[in-house]
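Trainee: Would you mind keeping the following structure in view while I ask a few things?
The values are calculated or read from the model by the stated rules, or taken from the named source; none is laboratory data. Just so we're clear, the structure is a prediction, and the values are computed from it rather than from any experiment. As a convention, Cβ positions derive from the backbone with ideal geometry for all residues, glycine included, and neighbour counts pool all protein chains shown. Accessible surface is based on the protein model in full, side chains and every heavy atom, while ligands, DNA and RNA are left aside. Shrake-Rupley method; radii C 1.70, N 1.55, O 1.52, S 1.80 Å.
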Amino acid sequence: MKRIKISDVLKSDKFGEKILVKGWVRTKRVSKNVCFIALNDGSTVNNLQIVIDVNPEMEEILSKVHTGASLSVVGKTVESGGSGQNVELHCESFEILGQANPDEYPLQPKRHSLEFLREIAHLRPRTNTFSAVFRIRHAMTYAVHKFFNDKGFSNIHTPIVTGSDAEGAGEMFRVTTLDMENLPKTKDGKIDYSQDFFGRETNLTVSGQLEGELFALALAEIYTFGPTFRAENSNTARHLAEFWMIEPEMAFYDINDNMDLAEEMLKYLVNYALTNCREDLDFLAKRREEEQKQKPQNERDTMNLIEKLEFVVNNEFERITYTEAIDILKNSNANKKGQFSYIIEGWGADLQSEHERYLVEKHFKKPVILTDYPKEIKAFYMKQNDDGKTVRAMDVLFPQIGEIIGGSQREEDYDKLVTRMKEMNIPAEEMWWYLDTRKFGSVPHSGFGLGFERLMLFVTGMGNIRDVIPFPRTPKNAEF
Ligand code: 4AD
Ligand code: MG
């Protein structure tokens, strides 16, 4: 007999059919001579109720069925009298595939804290919350590829091990096979990387952008979607040391084309979730509402999860310059009353997520795209404006998240780029291949990076980035 997925069983309205299902026990309840088992197989957040008539021979084997055990069940579908599901399965025979000792199995049928579940990240996908999150994560991955494929972009696999520091921020994880106990040294006492595996210093990539640009200047419209690594010591609910980034890069796009694409993509992805992940989103929305009830009235969300997502799809993002944003922030009551941890003194200040969220949540009450930042606080590759002070950067800011996308039009002028690299102490010799694109057939081009887990935070309404990636890597944590 072929196994049927529980999602299909629950959708069906054909009763009296004999079927085979397999899954894990969520709960077991015995009343008089009937046993009810809620079975989940990961295909949906909903369980299938298995009804077993208990006879004396069965009692012993049933006593071995506990939460977490895996079962194979053959039975007949019956229209359910109970509320909730419209179908249940009347068991004809069942087999225990794997037991779960209730004294050891840490997941019990009650609400566990997200913190506790992080400690058992190998088992947390068996909870409703995490199975919903990871089904949505899959759907979002697919939607990213579908969005770009439908537009004729090519997906480029850029390297994970690199010799360059794309963002010039220097927060990289070293990759080496040298013997740490016995490092080879050069004559002047430095580590001799020529003896290392690649014959040079190498790191895990912080971004696929620079290699992406090489391909954009050949295939015109490309995107990357891969893991990126940052050794920044940020222990926040929005930072990971290993995260996934989507980086489109487009020849012949200026910053306005870039903003249009970013806005269209975000709306497409959120809308994709609304249309294709409704059951899981409804579950997470309910969960979030319960969480909100624990908060004081004035800190609660005015919109539920679904309304928040619909709001993004249906409203135009606000587009303003950094200079305008500084004016708003400087004159805000929050700044004057000292409510920000970082007070905005004036132009040139780097924006913290509290400022980004103020603009989005309090001032404009919708997503904001900030452009034309001071060149001092942005990367070397951004196109310089004629004012000599700002660059053609664009950051997309979202409610609850702050920065979800960072991008820019790129500097396509060879001389300006080399001058800027010198000013910022970026070794131009090592980047000869990047500079070649500005020597041979250079064109205006633009791109951006979307933090995939930040998108996931927004779509699922989860509060901590550690809860939207299967196995989070954060400072002092690489278990599993
Ligand atoms: O703003 P960032 O640093 O931009 C770049 O890396 C560019 N090379 C992108 C480009 O233009 N192609 O990072 C882009 C996005 C951020 O907006 C944020 O969403 C996410 O990546 N991000 C992180 N997400 C989780 N944990 C971290 N430590 C992150 N750092 C950045
Ligand atoms: Mg950024």
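Trainee: Please sort 200-208, 291-299 by packing, taking for each peptide the average over its residues of neighbouring beta carbons within 10 angstrom, highest first.
Mentor: Averaged packing, sorted descending, gives the order 200-208, 291-299.
Trainee: Using the alpha carbons of region 195-294, what is the convex hull volume per residue in cubic angstrom, as a whole number?
Mentor: Numbers: hull volume 18.6 nm³, N = 100.
Enclosed volume per residue, from the Cα hull, is 186 Å³.
Trainee: A follow-up question, please. Using a 1.4 Å probe, what is the accessible area per residue for the chain, in Å²?
Mentor: The answer is 49 Å² per residue.
Trainee: Here's a follow-up. Residue 257: accessible area at probe 1.4 Å, nearest 10 Å²?
Mentor: Near enough 60 Å² of accessible area.
Trainee: Using alpha carbons only, what's the Rg to Rh ratio of region 6-106 with Rh from Kirkwood? Don't skip to the answer; put the middle values down first.
Mentor: Values: Rg = 12.9 Å, Rh = 13.7 Å.
That ratio is 0.94, to two decimals.
Trainee: Please report the relative contact order for the chain, taking Cα pairs under 8 Å with a sequence separation of at least 6, and give it as a percent rounded to a whole number.
Mentor: RCO, the chain: 13 percent.
Trainee: For residue 321, what residues show an amide H to amide H distance below 5 Å, using hydrogens built from the backbone and excluding near sequence neighbours?
Mentor: 371
Trainee: Also, quick follow-up: Calculate what fraction, in whole %, of the accessible area of the chain sits on carbon and sulfur atoms when a 1.4 Å probe is rolled over the protein chains.
Mentor: That share works out to 48 percent.
Trainee: Rank 469, 338, 349 by how far each Cα sits towards the positive end of the charge dipole of the chain (+1 on Lys, Arg Cβ; -1 on Asp, Glu Cβ) and give me just the farthest.
Mentor: After comparing all options, I get 469.
Trainee: Find how many whole Å separate the alpha carbon centroid of region 231-293 from the alpha carbon centroid of region 1-79.
Mentor: Using only Cα atoms to place each centre, the spacing works out to 36 Å.
Trainee: Among 208, 377, 405, whose Cα projects farthest towards the positive end of the dipole of the chain, with charges put on the beta-carbon of Lys, Arg (+1) and Asp, Glu (-1)?
Mentor: It is 405, whose Cα lies furthest towards the positive end.
Trainee: Taking N as the number of residues in the chain, what value does Rg over Cα atoms divided by 2.2 N^0.38 Å take?
Mentor: Compared with the compact-globule rule of thumb, the chain sits at 1.17.
Trainee: I would also like to ask the following. Lysine pairs in region 6-106 8 or more apart or on different chains: how many have alpha carbons under 25 angstrom apart?
Mentor: Number of lysine pairs found: 15.
Trainee: How large are Rg and Dmax for region 417-469 when only the alpha carbon atoms are used, in Å?
Mentor: 18.3, 46
Trainee: I need the phi-derived Karplus couplings for region 38-43: 6.51 cos²θ - 1.76 cosθ + 1.60, θ = phi - 60°, integer Hz, Gly and Pro marked x.
Mentor: Each residue of region 38-43 in turn: 8, 10, 10, 10, x, 7 Hz.
Trainee: Ignoring everything but the protein chains, give the 1.4 Å probe accessible area of residue 433 in square angstrom, nearest 10.
Mentor: 70 Å²
Trainee: Right, something else. For an R0 of 41 angstrom, estimate the FRET efficiency from the Cβ-Cβ distance between residue 29 and residue 198 and round to the nearest 0.05.
Mentor: 0.10
Trainee: Enumerate the calculated ³J(HN,Hα) couplings along region 458-463 in order (Karplus 6.51 cos²θ - 1.76 cosθ + 1.60, θ = phi - 60°), each rounded to whole Hz, writing x wherever the residue is Gly or Pro.
Mentor: Using θ = phi - 60°, the values come out as 5, 5, 8, x, 5, x Hz.
Trainee: Hey, can you rank 300-306, 358-364 by average C-beta count inside 10 Å, highest first? Let's see the in-between values first.
Mentor: Values: 300-306: 14.6, 358-364: 19.1.
Averaged packing, sorted descending, gives the order 358-364, 300-306.
Trainee: Treating only the Cβ of Lys, Arg, Asp and Glu as charged (+1, +1, -1, -1), what charge dipole size does the chain show about its Cα centre? Round to the nearest 20 debye.
Mentor: 1420 debye
Trainee: A follow-up question, please. Treating only the Cβ of Lys, Arg, Asp and Glu as charged (+1, +1, -1, -1), what charge dipole size does region 6-106 show about its Cα centre? Round to the nearest 20 debye.
Mentor: Here region 6-106 has a charge dipole of around 220 debye.
Trainee: Here is a follow-up. Quick one: Kirkwood hydrodynamic radius for region 146-244, alpha-carbon pairs, angstrom, one decimal?
Mentor: Averaging 1/r across every pair of different Cα atoms and inverting gives 15.7 Å.
Trainee: Quick one: which residues, 5+ away or cross-chain, put their amide H under 5 Å from the amide H of residue 411? H built at 1.01 Å from N.
Mentor: Counting only residues 5 or more places away or on other chains, the set is 382, 383.
Trainee: Rounded to two decimals, what is Rg over Rh for region 77-225 when you use alpha-carbon atoms and the Kirkwood radius?
Mentor: 1.18
Trainee: Rounded to whole Hz and in sequence order, give me ³J(HN,Hα) for region 217-231 from the Karplus expression 6.51 cos²θ - 1.76 cosθ + 1.60, θ = phi - 60°, writing x for Gly and Pro.
Mentor: Result, rounded to whole Hz: 7, 9, 9, 6, 10, 9, 8, 10, 8, x, x, 10, 10, 9, 8.
Trainee: Shifting gears a bit: Ordering 386, 372, 254 by accessible area with a probe of 1.4 Å, largest first, what comes out?
Mentor: Details: 386 150, 372 40, 254 60 Å².
Largest accessible area first, the residues go 386, 254, 372.
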